[in-house]
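The values are calculated or read from the model by the stated rules, or taken from the named source; none is laboratory data. For clarity, every value in this text was computed on a predicted model and none was experimentally measured. Here the Cβ is made from the backbone with ideal geometry for all residues, glycine too, and neighbour counts use every protein chain on show. Please note that ligands, DNA and RNA were not included when accessible areas were found on the heavy atoms of the full protein model with its side chains. Shrake-Rupley method; radii C 1.70, N 1.55, O 1.52, S 1.80 Å.
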Amino acid sequence: MKPAPFDYVRPGSLADALAALSDDPGAKVLAGGQSLVPLLSMRLAAPSTLVDINGLPGLDGVEVTDDGVRVGALARHADVLAHDEAARVQPLLRLALSHVAHPTIRNRGTTVGSIVHADAAAEMPVVLTLLGGSVEVAGPSGTRTVPADELYVGPLESSLAHDEIATSAFFPALAPGARVAFAEIARRHGDYALVGAAALVEGGTVRVGYVSVNDVPVVVDLTGVPVEQMADAALAQLEPAGDIHATADYRAQLVRVLTERVVREATADE
Amino acid sequence: MTTKLMGTGVQRVEDQRFLRGLGRYADDVAVDASTLHCAVLRSPHAHARIVDIDVADVLDVDGVHAVWTYDDLTGPMADPLPLLIPHPALTHGRTQYALAKDEVNYMGEAIAFVVADDRYVAEDAVGRIKVTYDVLPPVVGIAAARAADRLVHDDVPGNVGARMEQNTGDVEAALAAAPHRLTLDLDVERSACMPLEGRGTVARWDPDIDRLQVWTSTQTSTGVRAVVAVKLGLDLRQVDVITPDVGGGFGVKINHPWPEELLVPLAARTLGRTVKFTEDRREHFISSAHERGQVQHIEVGFDDDGRLLALDVMFWHDHGAYTPYGLIVPIITSTQLLGPYKPDVYRVVFESLYTNTVMVTPYRGAGRPQGCYAMERTMDAIAAELGKDRTEVRATNFIQPDEFPFEQGLVFQDGRELTYDSGDYPASLEKIKALIGWDDFPAYRAEMAAQGRRVGIGLACYVEGTGVGPYEGAHVHVETSGKVKVATGLTTQGQGHATVFAQLVADELGCRFEDVEVVTGDTRRMPYAVGTFASRAAVMSGSAIHLAARKAKQKALTIAAEALEASPDDLQIVDGVVSVKGSPGSAIDLGTVAVLSNPLRYAFDEASKAATQFTVGDASKPPVAEDEEPGLEGTDFYSPERSTFASGMHAVIVETDPLTAEITVLKYAVVHDCGKLINPTIVEGQIHGGVAQGVGGALYERMVYDESGQLLNASFMDFLMPYVTEVPDGIDIDHLETPSPLNPLGIKGAGEAGVIPSAAVFASAIEDAEGLPITAMPISPSDLFHLRLAHAEETS
Amino acid sequence: MSEALLDVRLSVNGVVHDLRLPARRLLSDALRHDLGLTGTHVGCEHGVCGACTVLADGRAVRACLMFAVSAVGLELTTVEGLADGDGTLSNVQQAFVECHGLQCGFCTPGFLTTITAGLRENPHPTHEEARDMIAGNLCRCTGYQNIVKAVERAAELGSHERAEGS
Ligand SMILES: Cc1cc2nc3c(=O)[nH]c(=O)nc-3n(C[C@H](O)[C@H](O)[C@H](O)COP(=O)(O)OP(=O)(O)OC[C@H]3O[C@@H](n4cnc5c(N)ncnc54)[C@H](O)[C@@H]3O)c2cc1C
Ligand code: FES
Ligand code: FES
């Protein structure tokens, strides 16, 4: 299990990084490497160039304002998780991040990397989608903001072009009076979830995001549905699939259990 | 006065190296830019004919030194790998070639072998080999093997490698006469040893002395040595096999030779370079061995008390694509199934079947977990049928303490009568009931039910034949420095042999524990040995070391008696000093005795002056007496008539989530009887590890093959070995010490015990919690969810 | 065609090494094969087992999921760097001896580094926190029971030290 050969650049500026990507259609960004390196070692991916963005200045910050939390592309999961201000402004970050892998992986893996890696089994893409966040993207022709609901186009596929770099992700603050909850069930503690669910209850609306259910991150609007019927209402819009760890029916059962669990938690009297 | 170390939890001596990162595992040997590295092209198909292999593209890869396929092998290397343990019932045994010849029979089978500057380049080269396959339909799973619509090997009818029967009487008549009868159909899936270190082999050919040195991560260095010599056409004396530190074995490293264990030495000799192969994790999944897969059909007849009148077992054992390790696993299942019980009549029949999957060789427990599962599920079923407590039915069937030695009337895995040497099962049962709180459980269950929680309790008993022959040996050598060098040939994979064997030597010889250094698995130091498996190391090598130390001691006493002008009977050896009892002034240390033991012509230091020809000895006698040898050494071998039988009982309380079907362990208890304990801390460590592996095997781990024979979960991401979060937080252990009469120390093996009853005990507890029959293990939450649905449907 | 080599400066256990390596060289391989620091073990090469865990600027990371070239500028600590200069075992190592926290020893370096970083962050873990601290590392031998004890024992040894004001 060793990677195939590749060229390696570690640019010191965003412009150089973008240029390196443009130069080679087979180039790929290397952030924390916690998803990419296993793929390379198993030779499931073989980019011709790796553009290591770890040397880029100014991308490792977690900025918190009243509007929300902006997470730089080089902020590690662990940095975001440990950030008390971020947890105060948007509690769902900490709730969800504590389920992402193990601490050692979180020390290196980036939250933005996870978001653009677009794995439907990952927590943070669902969190971003549920909260209506966005990703700041730099490309050859400047920067653009991609809202979460335009980010995920297919299994493990984001709408970022090959020569673009996500520089940060923005998670809106929790509105006054709004509530969130997160729960997931995994085979082993720290594994990718069999099913995860995140609820956002805000001004009369109830929305629930699901991890590992559809093949892309998915959020269902359950506003106005009585709690007992929510699971069925959600399942009507979801496509739980079977794999070696859980049948489709069992996944559906977990959707039922977790939907009720997170919604009750987010609506319970404090 | 030194206190005896036997029975004390001495801290391990090997830890000092390991904790500093100074262990030497196979991949740590020959870390040098000049060492060459290998990679193997493995079949992506479960079953295929090889039409063509094109290596043209590889030859111009920079840094590649050799590319071999079957056609490059000659002489014995071109023959199939050995069938290690032939058996008359194994009528259709088959083994693979070092590199596949014409066809492949499992995904992962080795096809081509590349040697290159480093592993990266070797993998690049493997990626450039083009193989044309004629893909054949595979046989996957026991049902497909039995159906035999397709064959794994064209010349093995019905996919049956072996059919074997043993019985102790007319089971049909006994069944017919029994007042109660039950039938059970049970299933156990595949898992694997999965040591954290995979396989690894390094070889170096020394042209100056015409000698091959092989380091390999094995459980049998002498076994590898013999086969390397034969396959490479070398004299045994030209081959040294050294087992470095081994990062776990659990059985998989007893099978040998792996193709790479031959190809690496061959490459080293051919290329004149040091060559290394380090298996990666994916390779370990698809090309090292698995175990456990069986389907079982049981018919049992019993009386109103639950007493076993007739037990009739048929099972089908999935041995994968080849049978290098013979029938050991199913034979152990079929014999150890009886556990601590004594049915009036027992018949067992098994078929060992070919499938297009990775081959099966022993995994810790080696067929015992499946046997225990069959027997204990049966006990639970009888209890349920009669409305009796599960412990009561077991107690009714126990062999009693006054019935030993007890003959089961069967032939065991070593070809000897299955005779239990000692044990006390009723005492164990009392202990386990107390430890788990068996009698208080109904109240606990009610209390939990009141909170909406669902709990269940389970129990399982086992007997384990340990310390099988044929023999082990030991060499104990007191150097002139007083240091004691001990060698035994079997190998170590974390059991702390350097510590426990040093304890035995210190006790017997009377030297200081700190002065003892133990070497295992090095054929240069002890060329006669068998290997580490079947919980045999402590019993076999422990006994041999004890005997060898005794010989060295006798010799020391004889020499010291002469030097001190005393009778050997009046001498004692304490802390490495021989002294006359009661007169401590008259003493000589063991180092000096060692000097005296070796009459010298040449002095080389101060101490040795004392042993030169003008200083020692009675000038009227030969310097070395006729029946003596120079040197303060002792060599001895231990070869028992038959195995010694350890036993134990496990109990568990589980909670099952009514909604998510998640299964949580609330309490786990073990009562264990491995005879006399050498080091209780180490024994408990073995139990902890076994229990964790058992939890893995019962609730998490399985090898998931699809219909085309692809292993779908060949990574640690998807093969769910437990982390700390999945194992019980605390394991309550109690010991019973029923000495074995078969060896001088009264010990029995302990290595496998922790894992044997797991499938049985969890099935029992989950069944108890859920009130529905559990017949297939392992069980995942998804499985349990579907069982509930099916059960609800059946009962509605 | 030979692969291009890059200049890689690694700082490991306080010693600076200048190497020339291909870009794809995993940090785990560079430590083991190029620097001969074979205490860092490789159990899976896909980030799950934790045997390869080293400290980078004091934080536990998987050496099998980093390229040596990307480790430039980080201060790395491997198991070989845990004992004191005079060879005295660290508290965590000592606790492993006392608690029989290892058997085959293959997983051990990864546990030692992980716990070293963990106790620095949380010197007084509760029992639950002690278990969580090692929850990302696999051990096939010990069943973890004694490793948890070793975490607690190491914490205890650490507080004695602090109490003695050393
Ligand atoms: C054992 C293990 C368990 C894990 N468990 C979980 C889990 O339970 N839940 C979970 O969510 N994740 C899990 N992960 C994945 C982990 O969270 C990853 O770190 C994360 O998904 C990717 O972040 P990274 O910085 O490591 O990205 P990398 O691996 O460096 O990159 C991932 C992909 O994203 C691209 N990319 C990264 N950053 C950018 C950027 N700024 N702009 C453009 N493209 C970019 C890369 O080119 C690559 O294609 C696990 C990983 C491991 C090894
Ligand atoms: S080898 Fe790095 S995590 Fe397993
Ligand atoms: S001690 Fe062997 S894997 Fe942990």
Task: Dipole magnitude of the protein assembly as shown, debye to nearest 20 (Cβ charges: Lys/Arg +1, Asp/Glu -1, about Cα centre) - done: 1320 debye
Open item on the list: Using a 1.4 Å probe on the protein heavy atoms only, what accessible surface does C:Arg162 show? Give it in Å² to the nearest 10.
Closed with: 120 Å²
Task: Ranking by accessible area, most exposed first, for B:Leu236, B:Leu490 with a 1.4 Å probe - done: B:Leu236, B:Leu490
Task: Average partner coverage of A:28-40, which counts Cβ from other chains inside 10 Å - done: 4
TODO: Report the normalised scattering of the range B:132-181 as log10 I(q)/I(0) at q = 0.13 Å⁻¹, calculated by the Debye formula with identical scatterers on the alpha carbons.
DONE: -0.55
Task: Number of partner chain Cβ atoms within 10 Å, mean per residue of C:87-100 - done: 3
Task: Cβ crowding within 10 Å averaged over residues, with B:245-253, A:55-63, B:99-107 ranked highest first - done: B:245-253, B:99-107, A:55-63
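Under a Cβ-only charge scheme (Lys and Arg +1, Asp and Glu -1), can you give me the dipole magnitude of the range B:299-396 about the Cα centre, in debye to the nearest 20?
Numbers: 9 positive and 13 negative charges, 92 e Å.
I would put it at about 440 debye.
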- [ ] For the C and B pair, go ahead and give the buried accessible area with a 1.4 Å probe, both sides summed, in Å² to 100.
- [x] 4600 Å²
Open item on the list: Rolling a 1.4 angstrom probe over the protein chains, ignoring ligands and nucleic acids, what is the accessible area of A:Arg261 in square angstrom, nearest 10?
Closed with: 100 Å²
Open item on the list: I need the semi-axes of the equivalent ellipsoid of the range A:7-52: take the C-alpha gyration tensor, multiply each eigenvalue by 5, square-root it, list largest first in whole angstrom.
Closed with: 19, 12, 7
TODO: Among A:Arg43, A:Arg94, A:Arg256, determine the one that fluctuates most according to a GNM of chain A built with springs between C-alpha atoms less than 10 Å apart.
DONE: A:Arg43
Task: Interface burial for A against C (accessible surface, 1.4 Å probe, total of both chains, Å², rounded to 100) - done: 2300 Å²
Open item on the list: Between B:Ala603 and B:Asp72, what is the label-point separation in nm under the 7 Å Cα-to-beta-carbon projection?
Closed with: 6.0 nm
TODO: Rank these residues by their accessible area, most exposed first, probe 1.4 Å: A:Asp23, B:Asp605.
DONE: A:Asp23, B:Asp605
Open item on the list: I'd like the distance separating the alpha-carbon centroids of the range B:87-103 and the range B:238-282, in whole Å.
Closed with: 21 Å
- [ ] Whole Å is fine, so just give me how far the alpha carbon centre of the range C:63-137 lies from that of the range B:422-473.
- [x] 35 Å
- [ ] Rounded, prolate or oblate: pick one for the range B:1-130, where a ≥ b ≥ c are the square roots of the eigenvalues of its C-alpha gyration tensor, a/c under 1.5 means rounded, and failing that, prolate if a/b is larger than b/c, else oblate.
- [x] oblate
Task: Solvent-accessible ranking of B:Asp312, B:Asp208, largest area first, probe 1.4 Å - done: B:Asp208, B:Asp312
Task: Taking chain B and dividing mean pair separation by its residue count, relative contact order in percent (alpha carbons under 8 Å, at least six apart) - done: 15 percent
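Can you tell me the alpha carbon radius of gyration of the range A:161-210 divided by the globular rule-of-thumb value 2.2 N^0.38 Å? Before the final figure, lay out each step's value.
Details: Rg = 15.2 Å, N = 50, 2.2 N^0.38 = 9.7 Å.
Rg over 2.2 N^0.38 Å, computed on Cα atoms: 1.56.
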Open item on the list: Name the residue from B:Leu736, B:Ile588, B:Gly473 whose Cα lies farthest towards the positive end of the charge dipole of chain B, charges +1 on Cβ of Lys and Arg and -1 on Cβ of Asp and Glu.
Closed with: B:Ile588
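Let a ≥ b ≥ c be the square roots of the eigenvalues of the Cα gyration tensor of the range B:313-465; is it rounded (a/c under 1.5), or, if not, prolate (a/b larger than b/c) or oblate?
Working: a/c = 2.43, a/b = 1.48, b/c = 1.64.
Oblate.
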Open item on the list: Just want the answer: with Cβ charges of +1 for Lys and Arg and -1 for Asp and Glu, which residue in B:Tyr97, B:Ala446, A:Leu30 is farthest toward the dipole's positive end in the protein assembly as shown?
Closed with: B:Tyr97
- [ ] Provide the per residue accessible area, probe 1.4 Å, for the range A:7-52, rounded to a whole number of square angstrom.
- [x] 41 Å²
- [ ] Calculate the length of the line joining the C-alpha centroid of the range A:109-175 to that of the range A:202-270, in whole Å.
- [x] 22 Å
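Rounded to the nearest 500 deg cm²/dmol, what is the calculated helix-only ellipticity per residue at 222 nm for chain A, with -39500 (n - 2.57) per DSSP H run of length n ≥ 4?
Rounded to the nearest 500, the figure is -9000 deg cm²/dmol.
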Task: Helix-derived mean residue ellipticity, 222 nm - over chain C, DSSP H n ≥ 4, -39500 (n - 2.57), to 500 - done: -9000 deg cm²/dmol
Task: Placed amide H near B:Asp118: partners under 5 Å, 5+ positions off or other chain - done: B:His37
TODO: Over the whole of B:784-795, what's the average partner chain Cβ count within 10 Å per residue? Rounded to a whole number, please.
DONE: 1
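Under the Kirkwood approximation applied to all pairs of distinct alpha-carbon atoms, what is the hydrodynamic radius of the protein assembly as shown in Å?
32.3 Å
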Open item on the list: Ignoring ligands, DNA and RNA, please state the percent of accessible area on the protein assembly as shown from carbon and sulfur, probe 1.4 Å.
Closed with: 50 percent
Open item on the list: If each DSSP helix of 4+ residues adds -39,500 (n - 2.57) and the sum is divided by the residues in chain B, what number results at 222 nm, nearest 500 deg cm²/dmol?
Closed with: -8500 deg cm²/dmol
TODO: Assign unit charges at the C-beta atoms only (+1 for Lys and Arg, -1 for Asp and Glu), then state the dipole size of chain B relative to its Cα centre in Debye, rounded to the nearest 20.
DONE: 1000 debye
- [ ] Any chance you could look up the accessible area of B:Arg181 with a 1.4 Å probe, heavy atoms only, rounded to 10 Å²?
- [x] 130 Å²
- [ ] Just the number, please: buried accessible area between B and A, total of both chains, 1.4 angstrom probe, nearest 100 square angstrom.
- [x] 2400 Å²
- [ ] Please give the per residue accessible area of chain B, computed with a probe of 1.4 Å over protein heavy atoms only, in Å².
- [x] 34 Å²
Task: Protection proxy ranking, peptides B:689-701, A:211-223, B:49-61, average beta carbon neighbours within 10 Å, highest first - done: B:689-701, A:211-223, B:49-61
TODO: Find which of B:Gly510, B:Leu557, B:Tyr25 sits farthest along the positive direction of the dipole of chain B, computed with +1 on the beta-carbon of Lys and Arg, -1 on that of Asp and Glu, about the Cα centre.
DONE: B:Leu557
Task: Quotient of C-alpha Rg and 2.2 N^0.38 Å, computed over chain B - done: 1.01
Open item on the list: Just to confirm a number: summing +1 for Lys and Arg and -1 for Asp and Glu over residues other than A:Leu30 whose beta-carbon lies under 13 angstrom from that of A:Leu30, what do you get?
Closed with: +2
